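Note sheet for the following structure.
The values are calculated or read from the model by the stated rules, or taken from the named source; none is laboratory data. This is a predicted model, so every value here is computed, not measured. Cβ atoms come from the backbone with ideal geometry, glycine included; neighbour counts cover every protein chain shown.
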Amino acid sequence: MSLGLDEEKAKEMDAERAIAAHYGKLRIIWLAILVSLVALFVVTRLVEAGGGGPAYLFWILLAVGVVNLGASFAVKQRVLKAAAEHRKPELVVGAYMFALALCESAGLFGLVAHFATGAKYYYFLFVIAGFGMMMHKPQREDVLAAAHGPGGVWEAKRRG
């Protein structure tokens, strides 16, 4: 009888380790992309701005950066919902990576705006990217919800 309880406890511990591994992976990816964004901004501060590009290019890049920020939230929510429905915590990592990549693209647009147009407000794009990255800070609850299904963690605790 105790053997069955020990096996169940071992399965729970394995599940917790898997959740911790997915969450740790998310935190490392988030931090790495955030550091790369800061490094890009430092480059713009150290290297002289370019010029000669059309002034409207900055506004186009700003608009696309804002659209990417909005799309990052929509895509992340859609994939997180699918991860919970299909009980696939690995999809959570993909959802965050895609959302963070969309946010980082705004920072890359800021880099392009700095070198191509010399616009003095290029840093707005870095602010947009940084805001998005902070809003997409990995949440352990997302991994837990994907591991326990659409009912979420509370439903799983009630059953157990």
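Can you give me the number of residues within the range 115-151 that are assigned to a loop (DSSP other than H, G, I, E, B), crowded, with 16+ Cβ neighbours inside 10 Å and within 14 Å of the chain's Cα centre (by Cα)?
2
Could you look through the range 50-106, keep only residues that are outside any helix (DSSP H, G or I) and closer than 30 Å to LYS120 by Cα, and pick out the one that is modelled with the highest pLDDT?
So, considering only residues that are outside any helix (DSSP H, G or I) and closer than 30 Å to LYS120 by Cα, the one modelled with the highest pLDDT is PRO54.
Looking only at residues that are among the small types (Gly, Ala, Ser) and crowded, with 22+ Cβ neighbours inside 10 Å in the range 58-82, which one is nearest to LYS25 (Cα to Cα)?
My answer is SER72.
Could you tell me whether GLY53 is of a type outside the set (Val, Ile, Thr) and loosely packed, with under 13 Cβ neighbours inside 10 Å?
Taking the combined requirement at face value, the residue does not satisfy it.
If I ask for residues that are aliphatic (A, V, I, L, M) and either crowded, with 24+ Cβ neighbours inside 10 Å or without any contact (Cβ under 8 Å) to a residue 60 or more places away in the chain (or both), which ones from the range 97-114 would you list?
Across the range 97-114, the qualifying residues are ALA99, LEU100, LEU102, ALA106, VAL112, ALA113.
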